[in-house]
1. When you check residue 137 against the structure, is it at pLDDT 95 or above and closer than 20 Å to residue 37 by Cα, yes or no?
2. Can we say residue 123 is more than 17 Å from the chain's Cα centre (by Cα), assigned to a helix (DSSP H, G or I), surrounded by fewer than 16 Cβ atoms within 10 Å (Cβ to Cβ) and at pLDDT 95 or above?
3. Looking at segment 136-149, which of its residues are surrounded by 11 or more Cβ atoms within 10 Å (Cβ to Cβ) and free of Cβ contacts under 8 Å to residues at least 12 places away in the same chain?
4. Could you tell me which residue of segment 56-110 is surrounded by the most Cβ atoms within 10 Å (Cβ to Cβ), considering only residues that are more than 26 Å from residue 131 (Cα to Cα) and among the basic types (Lys, Arg)?
Amino acid sequence: MHGSSVACRMARDHKHAYYKHMSRHPNLRRELLFQLIDVARGARTYIDQRAREHGMTRAQWGVLVRLERQEGMSQAEMAESLEIQPISLLRLIDRLCNHGLVERQPHPRDRRANRLYLTDKGRATLIRLGPLGREITGEAFAGLDESELADLVQKLLRIRGNIRQASAKRAAGNGAHGKLRQGYP
């Protein structure tokens, strides 16, 4: 018992020292970016673990949630909203269709495109996953009240907008495909 309490105290002291050091960090903005990346990675990993307990992946769950919000999206719109390559989405949608959760319907004006819709089984799956989603968000945002969460969302949206604007500006300056993608320094 004594050894484990020492280990716990050392871990707690190390964690405290880390956060105390962070508050004096000379490059707070860079540290914040590192923390955002770590939080996103940790959230993806944890949500994937929890979704697998229910026979899903985080990506599959994400498609179902987006379709619940906006049924009839094209596959291209879905790929853009998930920020994944269309070929990766194609395989993901194939799996969801094979499981009877999503169906493709031809686009009324574009023969090359399909629109995506939830099936009844897909809706039932979202209802079944609802408590899991609430549990995960409860765990992730424990100790934060609604006003703190609303403020955080606004700040994250501003950061996302800044990143998208910088990325678009950079892409415009590098041409349509970007020199880095073409192998130029």
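The values are calculated or read from the model by the stated rules, or taken from the named source; none is laboratory data. Just so you know, these numbers come straight off a predicted model, no measurement behind them. When we count neighbours, we look across all protein chains shown, and the Cβ atoms used for this are built from the backbone with ideal geometry, even at glycine.
1. For residue 137, the condition - at pLDDT 95 or above and closer than 20 Å to residue 37 by Cα - is met.
2. yes
3. Matches in segment 136-149: 137, 141, 144, 148, 149.
4. 104
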